[in-house]
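One structure is given here, and the rest of the page talks about it.
Nothing in this text is a laboratory measurement; each read-out follows from the coordinates by a stated rule. Quantities reported herein were computed from a predicted structural model and do not represent experimental measurements. Neighbour counts are summed over all protein chains in view; Cβ atoms, including those assigned to glycine, are modelled from backbone coordinates with ideal geometry.
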Amino acid sequence: MEELLPDAEAEPAGEAEQSGAPVEVDGDIFLDFSSEADEHLSAAESTLLALETNPTDAELLNTLFRSFHTIKGAAGFLNLEDITRVAHVIEDVLDSARKGQLILTPAITDVILASIDLLKELLGKVEKQLEAGAVVPQDVSAFLARVRAAGKGEAPNLAAEVSQPTAPADGATAEPKRREQQHVRVDTEKLDQLVNVVGELVIAQTQVGQSPDVVGSSNQKLSKDISQLMKTSGDLQEIAMALRMVPIRATFERMARMVRDLGRKCGKQVEFNMRGEDTELDKNVVEEIVDPLTHMVRNSMDHGVESAEERRAAGKPEKGQVVLEACHKSGHVVIELSDDGKGIDRDKVFKKAVERGLVSAESELSDAEVFNLIFHPGLSTADKITDVSGRGVGMDVVRRNIEQLRGRVEVHSELGKGSVFTIKLPLTLAIIDGMVIGVGEERYILPLTSIISSLRPQPEQISTVLKKGEMVRVQDELFPLVRLHERFEVKPRHTDPCSALVALIEAEGNRCCLMVDELVGLQQVVIKGLDEELRQDPCLAGCAILGDGRVGLILDANGLVENAHGKNKGAWEKTYQQAS
């Protein structure tokens, strides 16, 4: 193979020998450059992965070349020698490929991916050094030498660990010319402040609209003005929330890189497809969904997709399929991860669950209930432990993190054909659709996603079970009863469950019943934080100002269910002992 790089003297003047001396870098200009470089690198990573499946696509190759060329030029302007040298090296590699002198083999692709990871690392170091006051170029000579070694066919191990790329630009940036600026970068803290202020406005508008003086007024002009105020504040709230919405594309592209790297590491041929990557959701949700998706993708690559030999023996194509898809549905975002691998062995999962004491051998569970058992800590059906997965410490994290986002995860699998993991998430974490419930004079908000049903129980449905306490029988199943007035030390209107109402709620596959005085109604509320003492209570997720001006506590379904099953009773008691 022809050498990847020209001799060292062909590098830009003054860069063949790196000085290592501190350089002056304009902080404001660097921040703009760093942001644009991140976009170029993320776009380059996506383009490179696309080139692996279309290695003869000249336009993709040109786009990739221009990304590194742009980074090299801007870094040179800022005297960032290390970044300039790395970008220049890869630019030469890609130029050779454009001229037909070099084929982008998987080994060369590994080299370029490693350079992307290195450039991101160098950008991060410069940012930290700017805060300290002095920017010292890093020595990248060893990396350049390894790139040259790869060009001679020595194929050194340059494969980076699974990377964590930053958000890409919308589409690969292809033109070196700077276009007219159409975007303004805004600190996310300012966006959060805007949403909070708009939330206060909506609360104030609701209070005015529900005021007895307004409701009972015969002044038609006043009523018309109030209606217009409600419409305008509603529009403003929609716009403010839209500012927090970002495409999930960057997260999906991170998973694409992971599938590619894990496929190489595990020796599996896998084709990754993503759909609906422009689906938008709250930026905080996008940030928090990365870890659950990472665990799920690793699990799919390790346990789901088979090796080429296994797939041939099963009559499948040698190349496995992993698909990540997102869409909006009924006010939520639905994310599906599917593969055409071996699927989940229902009997094996059930046997492991019996061995761990999670269920009895006589239990009659549906397929969905059995598959749901894989989310219990430590339950793994892997025959061997690898450094990818297999210890049973990932899927429990998946469910816990998703439910902390007020979402749900479901599994459907068919042995020998594959699995589908479905995640349902709220569009935003700033606003919640809740059911306002009353206990005495107090008001609480229960997230709608956690409510299964409500009922007024009959005497025969209430019983006391040894070591478990009060239980409610719902559809032939017993669930622990949580008396909210006892949990929060308030005076109720009803002490008899048969006179009160009971709400059946679910979290992490477990259920319990909440005893309340009344269901006040549905309301969309803006979530507020709690003070330090109340934050310690695992049964509370926040608070909100209701339409009548009262403050309602937002209940944490997961904390309530765990409390009902005795898992966090100590934490709750400690919180209220401190408060009193």
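Worth a mention:
- Ala368/Ala21 FRET efficiency (R0 56 Å; Cβ-Cβ; nearest 0.05): 0.30
- Amide H contacts of Val520: Val436, Ile437, Gly438, each under 5 Å away and 5 or more positions distant or on a separate chain (H built 1.01 Å from N in the peptide plane; Pro and chain starts excluded).
- Estimated from the Cβ-Cβ distance and a Förster radius of 51 angstrom, the FRET efficiency linking Thr105 and Gln193 is about 0.50.
- Across the stretch 191-201, rounded Karplus estimates of 3J(HN,Hα) from the backbone phi angles (6.51 cos²θ - 1.76 cosθ + 1.60, θ = phi - 60°) give 4, 5, 5, 4, 4, 5, 5, 5, x, 4, 4 Hz, Gly and Pro being marked x.
- Computed E for Arg98/Thr53 - FRET, C-beta separation, R0 22 angstrom, nearest 0.05: 0.75
- Relative contact order (%) - the stretch 246-426, alpha-carbon pairs under 8 angstrom, separation at least six: 23 percent
- Folded to 0 to 90 degrees: helix 346-355 orientation relative to the chain principal axis, Cα: 70 degrees
- Three principal axis extents describe the C-alpha atoms of the stretch 246-426; from largest down they are 46, 36, 27 Å.
- Using alpha-carbon coordinates, inclination of helix 58-77 to the longest axis of the chain, degrees: 90 degrees
- Here the contact order of the chain, divided by its residue count and restricted to Cα pairs under 8 Å and six or more residues apart, works out to 10 percent.
- Value of relative contact order over the stretch 237-286, rounded to a whole percent, pairs C-alpha under 8 Å and six or more apart: 58 percent
- Note on Ala308 and Arg400: the extension gain reaches 29.8 nm, defined as 0.36 nm multiplied by sequence separation minus the Cα-Cα distance.
- Folded to 0 to 90 degrees: helix 220-243 orientation relative to the chain principal axis, Cα: 40 degrees
- Multiplying the residue separation of His565 and His328 by 0.36 nm and subtracting their alpha-carbon distance yields 81.9 nm.
- Loop sites in the stretch 403-500: GluC sites (Glu not before Pro), DSSP, at most 15 other Cβ within 10 Å: Glu441, Glu489
- Listed peptides 67-74, 217-224 by packing density, highest first (mean Cβ within 10 Å): 67-74, 217-224
- Likely footprinting exposure, Glu189, Glu81, Glu318, Glu36, fewest C-beta neighbours within 10 Å first: Glu189, Glu318, Glu36, Glu81
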